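Okay, so here's the structure we're looking at.
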Amino acid sequence: MHTVDLSELAQAPSPLSHAPVQAPDPQQLVAQLGGEVAAVLSSALERVVNLATTGRIDKAGLRALRDEIDQARRAGIMGQQVARLSNGHVQQAHEPLNLTELLRDALLQRSREIEARGIEVQQVLAPAEILSDETLLFSLLQTALDWSFEHAASRIDFRLDMTQWPVHARLVVSFLHQPPDMVEETAAPLAPTEAPALNTMSWRLLQQTAAVLGLQCCRFDTAGRAQLHLQFPDTLAPRLPGMSAMEPADKVTQAHNSQPLAGRHVLVLAARREIRNVVREALRPMGLMIDFVGSVEEAQLLCSDGLPHAMVYDSTLAGDRFEVLRNQMLAEVPSIAFIRLAEQGKAFEVLNIGGRQFASVGRDAIIESLPPALIFELSRQA
């Protein structure tokens with residue numbers, strides 16, 4: 001993953017005026033979700049049947065099985081998020097945000113996944129600040145990564161620039177969705193159309209999130225290449241060095257959101273079943289992606305494919321090997337949140353470990369204190 005000069009990429013066509021995205025038809029959404037989940041689970045079932053028959057599975061087959069199950073889980077979570085966004089009850093807080101840094105952070109957060117998938121990513125990012133809701137914008141960027149990783153058959157180009165008039169920040173994501181040797185790009189110019197094969201659940205979520213944020217969202221597809229345009233109408237004027245952005249007078253206060261961290265990935269390190277069950281119940285309403293591991297070695301193996309946004313860990317497993325893993329994770333992505341589950345102690349407190357502050361939740365207070373502790377930690381680290 002590397003950064004190049006703005007002059008290295010040709011200018012993309014100007015995005016078209018895009019009508020507001022309508023709420024998805026519930027029956028179509030359920031049908032699409034069912035189809036996507038069934039497709040990957042059918043493949044996973046074939047692997048399980050083969051394993052039961054032969055008693056053997058190689059490392060590549062085991063990884064493919066895990067990826068298929070994870071893909072089905074992701075599709076289910078995305079379907080839930082689309083339904084939540086389309087009900088019209090999501091409240092937003094409009095605040096000045098550095099879109100350039102947020103996109104860089106999102107790519108950094110997924111760097112291990114990018115490496116594991118063998119994806120080449122090119123960034124061409126101009127400075128841009130916007131007014132938006134940080135939680136929803138974070139979700140939008142992560143979903144754009146999900147969608148492009150799912151379909152890209154070549155290098156993925158991320159370009160952030162400014163339109164000439166009106167001056168709006170614009171994010172362009174471009175990639176080949178067919179192998180390069182099967183694509184004749186010169187014979188198929190980009191057009192404001194959508195290839196149906198790319199309209200998976202990740203696209204539905206991206207589309208719906210952009211609509212809730214009031215962004216212009218359109219695609220320029222050919223038989224081989226896809227190009228996504230996201231235009232941000234609430235773009236702030238460039239600031240002089242040393243000056244901070246003025247907070248808007250009409251800033252909307254963040255209202256209650258039943259799933260403020262929807263789509264974020266939490267890794268739970270706990271060997272005891274009773275702790276896992278309580279943590280699962282506490283975090284169930286938050287729309288998170290949750291993985292459970294029973295040892296530091298399992299956590300290290302899972303993190304080799306991609307780092308989570310937060311780790312919740314049983315204090316009885318927090319030895320020297322855990323501290324080595326924690327330091328490695330923080331060295332790569334300093335914004336990862338850690339929450340300790342203490343055997344005893346206060347319901348929720350902040351500890352100082354190695355010059356850094358970490359949250360701690362007492363075991364008897366997990367149900368009521370873990371969700372707000374997780375929100376607090378992720379917000380503070382951001």
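Of the residues making up region 111-132, those that are touching a helix residue (DSSP H, G or I) at 6+ places or on another chain (Cβ under 7 Å) and farther than 30 Å from A223 by Cα are P127, A128, E129, I130, S132. With respect to being under 23 Å from L288 (Cα atoms) and assigned by TED's automatic domain parsing to the domain that holds Q208, E129 falls outside the description. Restricted to region 284-352, the set of strands (runs of 3 or more DSSP E) holding at least 1 residues that are basic (K, R) and crowded, with 18+ Cβ neighbours inside 10 Å comprises 337-342. Of all the listed residues (S148, S132, S154), the sole one being polar (S, T, N, Q) and at pLDDT below 90 is S154. Take the residues in region 123-144 that are touching a Leu at 6+ places or on another chain (Cβ under 8 Å) and over 21 Å from S379 (Cα atoms); name whichever of them is surrounded by the fewest Cβ atoms within 10 Å (Cβ to Cβ). In this case the residue turns out to be A126. Right, S111: within 15 Å of the chain's Cα centre (by Cα), polar (S, T, N, Q) and farther than 22 Å from P180 by Cβ or not? So S111 fits the description; yes.
Among the residues of region 354-366, the ones that are modelled with pLDDT of 80 or more and either exposed (fewer than 13 other Cβ atoms within 10 Å of the Cβ) or among the small types (G, A, S) (or both) come to 4 in all. What do you reckon, is D58 acidic (D, E) and modelled with pLDDT under 85? No, not satisfied. Only a single item in (1) modelled with pLDDT of 80 or more; (2) surrounded by fewer than 18 Cβ atoms within 10 Å (Cβ to Cβ) is not met by M246, and it is number (1). The set of residues in region 82-108 that are of a type in the set (S, T, N, Q) and modelled with pLDDT under 85 comprises S86, N87, Q91, Q92. Within region 145-159, the residues that satisfy the criterion of being in contact (Cβ under 8 Å) with a residue 40 or more places away in the chain and out of contact with any helix residue (DSSP H, G or I) (no Cβ under 6 Å at 6 or more places or on another chain) are S148, D157, F158, R159. Take the conditions touching a helix residue (DSSP H, G or I) at 6+ places or on another chain (Cβ under 7 Å), in contact (Cβ under 8 Å) with a residue 24 or more places away in the chain and closer than 22 Å to V333 by Cβ and apply them to D105. Does it pass? So D105 fails the test.
Looking at L228, L236, just one residue is at pLDDT 80 or above, within 18 Å of the chain's Cα centre (by Cα) and surrounded by 17 or more Cβ atoms within 10 Å (Cβ to Cβ), and that residue is L228.
Inspection of region 41-53 finds no residue satisfying the criterion of being surrounded by 14 or more Cβ atoms within 10 Å (Cβ to Cβ), on the phi < 0 side of the Ramachandran plot, part of a helix (DSSP H, G or I) and modelled with pLDDT under 85.
The values are calculated or read from the model by the stated rules, or taken from the named source; none is laboratory data. Since this is a predicted model, take the numbers as computed values, not measurements. When we count neighbours, we look across all protein chains shown, and the Cβ atoms used for this are built from the backbone with ideal geometry, even at glycine.
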